[in-house]
1. Can you grab the distance from the C-alpha centre of the range 353-375 to the C-alpha centre of the range 113-139, Å, no decimals?
2. Under a point spin-label approximation (7 Å from Cα along Cα-to-Cβ), what is the residue 29-residue 181 distance to one decimal in nm?
3. Report residue 145's accessible area, 1.4 Å probe, all protein chains in place, as a number in Å² to the nearest 10.
4. Count the net charge of all other residues whose Cβ sits under 15 Å from the Cβ of residue 190, scoring Lys and Arg as +1 and Asp and Glu as -1.
5. All other residues with a Cβ under 9 Å from the Cβ of residue 424 taken together, and with Lys, Arg as +1 and Asp, Glu as -1, what is their net charge?
6. Given R₀ = 25 Å, what would the calculated FRET efficiency be for residue 325 paired with residue 205, taking r from the Cβ atoms and rounding to 0.05?
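The values are calculated or read from the model by the stated rules, or taken from the named source; none is laboratory data. This is a predicted model, so every value here is computed, not measured. Every residue, glycine among them, receives a Cβ derived from its backbone with ideal geometry; neighbour counts consider all protein chains shown. In case anyone asks, the SASA skips ligands and DNA or RNA and just uses the protein heavy atoms, side chains included. Shrake-Rupley method; radii C 1.70, N 1.55, O 1.52, S 1.80 Å.
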Amino acid sequence: MRAPSLLRALVVRLTIVVVLALAGSYLLLYFEFREGLWGLEGQSIAIQVQDLRASIVSGTGPPRLELPRSLQEFYSQPDTLNGYQLLSADGTVLESGGLSAPDLPLPVDRGGGQVVMQLETDALSGNSIMAAALDLDDRHGQYWLRVVRNLEDSESLVAQLMLGALDELYPPIALLLIAVVSVVVVTVLSSLRSLRAVSHQASMLSLHRLDERLHAKNLPRELVPLVQAVNASLDRLEADYRVQREFTANAAHELRTPLATLRARLESRFSAQELGDVAFEIEQLARLVEQLLCLARLDSQEQFQFAPFDAHAVALEVARELAPVALESEHYVTATTPNAAVPTHGNSTLTRLVFRNLIENAIQYTPAGTSITLSADAATVIIADDGPGIAAHAAASLFERFRRGPNASGPGAGLGLAIAKCIMERQGGRLSLDANAARGARFVMEFPEAL
């Protein structure tokens, strides 16, 4: 399953927040504009009330309205949304004009000569009706003068205005959204740059670079504790690794001298025939000690001296030295490309150990009559045999320390191939087993080019 992307998550979430913020701003403007429009509506009908009040005529009978021509034309327009009513104290309509107003309730309290505003809903049409009522005192009694306005189109007007404005604002809003998303992406990328730098540092750590630590410079504060915890773990690992390495090196070093002394004393007192297998076991123990010392040096931070040399020429020298040993066990070592050259840059002494381990393994773990061939191609040296080969399940752990193959019955501790692989890596090269070999085992050593 593919791991989730932090960059994608941040960009998507921040973009959603920006879009919601713009939508919320638009709705806020819509309601604010609507409230403002309703305020203007209220001021407008309040002015109409005062204009109608000036048109009231009192006489011997109840008051009546004598509208000037301008107001008559205003209230007589087709589909007018405005209307007026002159009502008695009990709500009886004495005179009306314009909008056929529904049966609206009168204000609960009299306004004391002030306009009382009402917002009601027409029970029949469901439209919002705004009414402005003014109480009047006449010698014939108390009356109400009321102006009504149908707000049916008010919200529609607001919506039309807002949508019209939005049509004009589409390009700048789109540009604003693109700019905000771009800023978000750039900000997230710049914030993650330091994290990628720390990840690169962590990928470069190895057993040979345990003294290095991750840097917390320019990291977000939230990530600093994680880097500090990793560095603390590296401190503990380095300390434990040093203790283990020093123990191996010291133990091997301390064993070397007693073994050499023991072998010398035994050889001075007994003949080779009398010693028998004891001499062989001491020799194997001494070889194991030397291998442990070699591993300790390879695992340490010791800098080996590197110089140009011909890797194929070194391999030929080792093959000549081991040829008599191979003949004793009826093995045959041959060079298929004797005139080839593989110039490289490294430590020739350590490289000799690589070739020796590989050829000795081929002699030891293959049956009599096996042919061992040495060849070179470009920057590689190949040691192959025509023996039974190495099973696939054993090849996976072939280069692990103290790991021997399932058919290994002779002497050895399972360190030869591990040492060979470590030497090649310390020189910038590579040792691998060719899984596509048609027959036998085929080890390929890739060397770095000469400087």
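1. Answer, in whole Å: 111.
2. 2.0
3. Near enough 0 Å² of accessible area.
4. +3
5. Once positives and negatives cancel, what remains is +1.
6. For residue 325 and residue 205, the calculated efficiency is 0.05.
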